[in-house]
Amino acid sequence: MNVYADNAATTRMSQAAVDAMLPFLRESYGNPSSLYTLGQKAAESLQASRETMAKYLGCDAREITFTSGGSEADNQALLTAATLGARKGKKHIISTAFEHHAILHSLKRLEKQGFEVTLLDVHENGLVTAQQVADAIREDTCLVTVMYANNEIGTIQPIAEIGAVCRERGVLFHTDAVQAAGHLPINVREQNIDMLSLSAHKFHGPKGVGLLYARKGIFLTNLIEGGAQERGKRAGTENVGGIAGMAAAFREACEHMDENIAKVTALRDKLIDGLSKIPHCALNGDREHRLPGNVNFCFEGIEGESMLLLLDGKGICASSGSACTSGSLDPSHVLLAIGRPHEVAHGSLRLTLCESNTEAEIDHILACVPEIVAYLRGMSPVWRDLVEGKKSFIL
Ligand SMILES: *Cc1c(COP(=O)(O)O)cnc(C)c1O
């Protein structure tokens, strides 16, 4: 049985998204900036996609800038806030220790340019509070950026409350909503969000497409210079087909959100309950305030990568917090941020579900994981030391 359980890494494109894209890959290939009918058809599609995205985000179509994905939107949001802040002599930015690298690495660059960054501690349960944000805001704070939901442990932050604090103190608020968009309700006005990033391939749309919402009056700084596309804020011929695919996927996700949340949450809870029976393991992140599809555990005495290879052998696609893919042996910065010690953080497993997963698939995962954990522990010198009492168990 093949089970795709890595939906936080990327998702399968929906039929609606593929169908929306195809005409622009075939007959309707015009450049939306051209004046003839073929080009104008593309321009109309672009506008329709913008209105669809705006409708489901609760904003105006003019407040949306299409980008190449979540990373680009995050980069542009931070650069914009930094540029606006510097103009007023405000060079302090607040974020959290467990953001995506698109945020953390952008912040590193801004630090080199003379900005001061405060990274809020994340509680053991994977949450930050609006009070922490309120306490960290200073006279010279130009931006607060806090992710909506974490990509590794799935915890959902109190975005509307944080937005309210920022609004009251006159500080710009950006949220990386890449994991939340299409999975949780979003309304940028009601949630006091000034800027928001999302990415199509995390909600069954195509890869390489995303957007940055910026509230009216926020003057974006260009990351890419060139033509006057996207009101001059993001040069380059628009990915018309990809954008149409994103809009179709987003509409479908938002229209079916309640039933998807109910279905995926039930699958998630069954998986969490089943895996919790494995000795010396722990769920990472709050059980309640978490994405419907996110399951993330640490298992003591084993390495995440070995687990992934053995799971692949059983047809299961999963992921681990340990960043072997990035060529680094460091454990996940997210697991370290919630206080997991290195040796435990290395033994993490992330399974992320979507509405097309089935109960039978969960049963398959629940049949394989305990067996694999036991097998790997049987070969692990660390586990032997734990069992023989030479080291003490952490979990
Ligand atoms: C996937 C992801 C990104 C990056 O999005 P891309 O479209 O792949 O560039 C940024 N932030 C979070 C939280 C993500 O999960």
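The values are calculated or read from the model by the stated rules, or taken from the named source; none is laboratory data. Note that the structure is a prediction, hence the values are computed from the model and not measured. Neighbour counts are summed over all protein chains in view; Cβ atoms, including those assigned to glycine, are modelled from backbone coordinates with ideal geometry.
Assorted remarks:
- When GLU124, GLU111, GLU116, GLU139 are checked against the criterion of being of a type outside the set (A, V, I, L, M) and either under 25 Å from PHE297 (Cα atoms) or touching a Ser or Thr at 6+ places or on another chain (Cβ under 8 Å) (or both), GLU124 stands alone in meeting it.
- Filter pass, GLU343 being modelled with pLDDT under 95 and more than 30 Å from GLU259 (Cβ to Cβ): yes
- Total residues in the range 140-150, condition out of contact with any Gly (no Cβ under 6 Å at 6 or more places or on another chain) and over 15 Å from ASP286 (Cβ atoms): 6
- Subset tally (residues that are touching a strand residue (DSSP E or B) at 6+ places or on another chain (Cβ under 9 Å) and either part of a loop (DSSP other than H, G, I, E, B) or aromatic (Phe, Trp, Tyr) (or both)) for the range 249-276: 2
- Just one of the listed residues (PHE115, PHE98, PHE66) is within 23 Å of HIS333 (Cα to Cα), in contact with a strand residue (DSSP E or B) (Cβ under 8 Å, 6 or more places away or on another chain) and either of a type in the set (D, E, K, R) or crowded, with 18+ Cβ neighbours inside 10 Å (or both), and it is PHE115.
- Residues that are outside any loop (DSSP other than H, G, I, E, B), in contact with a Ser or Thr (Cβ under 6 Å, 6 or more places away or on another chain) and either in contact (Cβ under 8 Å) with a residue 60 or more places away in the chain or exposed (fewer than 14 other Cβ atoms within 10 Å of the Cβ) (or both) within the range 1-41 comprise just one, ASP6.
- Counting residues in the range 169-189 that are of a type outside the set (A, V, I, L, M, F, W, C), without any contact (Cβ under 8 Å) to a residue 40 or more places away in the chain, under 20 Å from ILE93 (Cα atoms) and surrounded by fewer than 19 Cβ atoms within 10 Å (Cβ to Cβ) gives one or more.
- Looking at the range 116-223, the strands (runs of 3 or more DSSP E) lying wholly inside it that each contain 2 or more residues that are within 16 Å of the ligand (Cβ to nearest atom) and in the same structural domain as MET53 (by TED's automatic domain parsing) sit at 172-176, 195-199, 210-214.
- Unmet criterion (only one of (1) closer than 23 Å to ILE159 by Cα; (2) surrounded by 14 or more Cβ atoms within 10 Å (Cβ to Cβ)) for ARG287: (2)
- Qualifying residue in the range 212-222 (condition: in contact (Cβ under 8 Å) with a residue 24 or more places away in the chain and over 19 Å from HIS174 (Cβ atoms)): no
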